[in-house]
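What follows is one structure encoded as structure tokens, with my remarks underneath.
Every read-out reported here was derived from the displayed coordinates using simple, explicitly stated rules and does not represent laboratory data. On a predicted model such as this, the values are computed, not experimentally measured, just so you know. Backbone-built Cβ (ideal geometry, glycine too); neighbour counts: all protein chains shown.
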Amino acid sequence: MADNPDTAIREAIAYQIDKIVGLGLVPKTMVIDDMIGDVRYDGSIQDWIKNAKNGYEIDRFTDEEKKDYERLKVFDFVIGNSDRHLENVLFTDEGKTYAIDHNASLVISKNDDILSFPDAVVWFFSKNVIHDMPHITEIIERFYANKDKILDLINTYVHDHTEMAKLMVESRINYLYTMIKKDKPFPRKYLLWRNALNDEIHNILKRKKEEI
């Protein structure tokens, strides 16, 4: 567990966000704070995925697994998950894909750079014609349509670095949605992504100031 008081909450919120957008990749996750006998359990619990293999244990993705893994790239980018690797993506013989380990998401430190994300994100969005990938555009549109629900969830349950987490998530949803509505490819340079996200953050803060 990460050294953070809201780690368990982040695991549970990742599951709730997954439910909100209908992704179906994060197993059911709940926060537990209870005594069982003489032992106090304080953390999160998650449905156990039976007979699953991680990404290093399979030979290749099926077409549907590939699409799920690509949807997961969008999910991780939006929630700022900095710890995705093939060992925490699970695959079952029934063709289901599951994503676990989301404690390193939604800003875990006041020193986090909310404009930072893995280079692989830029590579994926710039090397593919995203507008021709309906499974990607659809999940981006769901994030945008449910943005207020997601931000309310974070505001209610994340009690450390809350505003930073909300800014990060909202700016990333806005940016992805804006880009898929344009008849242009995603930028190939990391700095252009950072600049665009920074502009989104300034716009959000400006709007909030005007609303006061």
- Measuring from centroid to centroid over Cα atoms, what is the spacing of segment 160-200 and segment 9-28 in Å? 21
- Principal axis dimensions, segment 38-158 - Cα atoms, whole angstrom, descending: 50, 35, 26
- Using the charge dipole of segment 7-211 (Lys, Arg: +1 at Cβ; Asp, Glu: -1 at Cβ; taken about the Cα centre), state which of Ile180, Gln46, Thr29 has its Cα farthest towards the positive end. Ile180
- In whole percent, what relative contact order does the chain give with Cα contacts below 8 Å and a gap of six or more residues? 22
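For the chain, build the convex hull from the C-alpha positions and give me its volume per residue in Å³.
136
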